[in-house]
Every structure is written in structure tokens, then in C-alpha cells.
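*Asks:* Please see the structure below; I have some questions.
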Amino acid sequence: VRLANEVRTAIGRARDLEHLAKAEKERDEAKAEQELAATAGKELKAIQAELVESAFKPLLETANAIFGSVLLSPLAYRDGEIGTVRDGLFIGHKTMSGTERLLSYAAIQAALAAKSPVRLMLLDEMGRLTMKHACAVGEVCGLALGNKLVDQVILIDPERPKIYPSDFFNVITV
């Protein structure tokens, strides 16, 4: 009887060891799958970032080329947002001043218009700009027209229609 009990105990321990070994193997496999998924996720994020960068880079280069002289600093793209980098700090478009935001949006619109089959640039709210900024915007829009980056520019500035050369622009004064 004692021998039979020892045999049953040994068989029970062997089964327990088999179950433990199987559980450890499943744990190791799950851990490996989790690490693989994490690595794949990181690689996918890197690929996505490269794709977004490659899509936005030419757009921002065009925007900065057209409006670079009126922007405080070149436009940049980071973490799903367009903004600018100043003194090593990224400033998103949502936190820019109203004038900076208007000029940034105008730069993006100019870049999109330059790549579009209908190359129209419509700038509203020009009356919000200071005279200095409005003249600078008018100048860069004239250059964009002269360089054939856009075919038509419409500026909406009811207060100061005479500061924009009428041979370049359609100025709405209503």
C-alpha cells in the first residue's frame, strides 16, 4: 500500500510538472507574441510617420517658399499638427496668434492651390491684418501669380482695396 501511494504521488507530481511546463511554455509563447506585436506596432508607427512626413514635406516646402517672407518662422508638421518651431519649441497652429494662424492657413492654401488643377487662392479676413502684413501678403501673392504657382488670387479686404495692385488681384470690398 505504501508503495502504491508513492507511485500515485510520483505520477501526480509528474502530471503537475507536465502542467507547469505546459503553462510556462504558453506563457513564454504569449510573451513572445506580445513582444512581436509591440515591435510590429512600433514599426508601423514609424512607417506611418514617414508616409505622413513625405506627404506633408512638399506641401510645407511650397507653403514656406511662397509665404516664407511673411511667416515668423517656417511651417512644420509634428504629431498630426501643422505649426512652427521656434527656439526648439514646437508651436501648433491652435496656439498661434490670430494673425499667425491666418498667415499659416494662407500659406497652406497657397501650397494646395499650387498643386491643384484649379489654382485659385482665396484669402478672406485680410482686414484683420496690419497694413504691413496685408502689403506683405499682397506681395507674396503677386509673386505666386508671377511665378505661375497660382492662376488667380482673390483677396477680401473691404477697408483697403487700393493697396493691392488691381492688375494682379480681384479685391472684394463689400
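*Asks:* Here are some pairs, Lys94/Lys148; Lys25/Lys45; Lys57/Lys148; which of them have Cα atoms lying more than 28 Å apart in this structure?
*Replies:* Lys94/Lys148; Lys25/Lys45
*Asks:* Would region 1-102 count as rounded, prolate or oblate if I go by the C-alpha gyration tensor, calling it rounded below 1.5 in a/c and otherwise prolate when a/b exceeds b/c, oblate otherwise?
*Replies:* It comes out prolate by the Cα gyration axes.
*Asks:* For the chain, what is the percent of antiparallel DSSP beta bridges, rounded to the nearest 5?
*Replies:* Approximately 55 percent, going by the DSSP bridge assignments.
*Asks:* In whole percent, what relative contact order does the chain give with Cα contacts below 8 Å and a gap of six or more residues?
*Replies:* Rounded, it is 15 percent for the chain.
*Asks:* On to the next question. In degrees, nearest 10, range 0 to 90: what is the angle between the Cα axis of helix 2-67 and the longest Cα principal axis of the chain?
*Replies:* Orientation of helix 2-67: about 10 degrees from the principal axis.
*Asks:* Name the shape class, rounded, prolate or oblate, that the alpha-carbon gyration tensor gives for region 43-95, where a ≥ b ≥ c are the square roots of its eigenvalues, rounded holds for a/c under 1.5, and otherwise prolate holds if a/b is larger than b/c and oblate otherwise.
*Replies:* Oblate is the answer for region 43-95, as a/c is 1.5 or above yet b/c matches or exceeds a/b.
*Asks:* In region 55-73, which residues have a backbone nitrogen under 20 Å from the label point lying 7 Å from Thr99's Cα in the Cα-to-Cβ direction?
*Replies:* The answer is 64, 66-73.
*Asks:* Okay, next question. At 0.36 nm per residue, and after removing the present C-alpha to C-alpha distance, how many nm does the segment from Asn147 to Asn5 gain when stretched out fully?
*Replies:* 41.4 nm
*Asks:* Right, another one. Run the numbers for Gln48 and Leu112: contour at 0.36 nm per residue of separation, minus the present Cα-Cα distance, in nm.
*Replies:* Going from the current span to full extension adds 20.9 nm.
*Asks:* Ok, one more. How would you classify the chain from its alpha-carbon gyration tensor, with a ≥ b ≥ c the square roots of the eigenvalues: rounded for a/c under 1.5, else prolate if a/b is greater than b/c, otherwise oblate?
*Replies:* Since a/c reaches 1.5 and a/b is larger than b/c, the shape of the chain is classed as prolate.
*Asks:* Using Cα centres only, tell me the gap between region 37-111 and region 1-23 in whole Å.
*Replies:* Using only Cα atoms to place each centre, the spacing works out to 66 Å.
*Asks:* Using heavy-atom solvent-accessible surface (probe 1.4 Å) with all chains present, what is the largest-first order of Asp16, Asp79?
*Replies:* Output order, biggest surface exposure first: Asp79, Asp16.
*Asks:* Calculate how steeply helix 131-146 sits against the longest principal axis of the alpha-carbon atoms of the chain, using the helix alpha-carbon long axis, and give the answer as 0 to 90 degrees to the nearest 10.
*Replies:* 80
The values are calculated or read from the model by the stated rules, or taken from the named source; none is laboratory data. The structure presented is a predicted model; accordingly, all values stated were derived computationally and were not measured. Virtual Cβ from ideal backbone geometry, glycine too; neighbours counted across all protein chains shown. Surface accessibility is based on the protein's heavy atoms, side chains included, excluding ligands, DNA and RNA. Shrake-Rupley method; radii C 1.70, N 1.55, O 1.52, S 1.80 Å.
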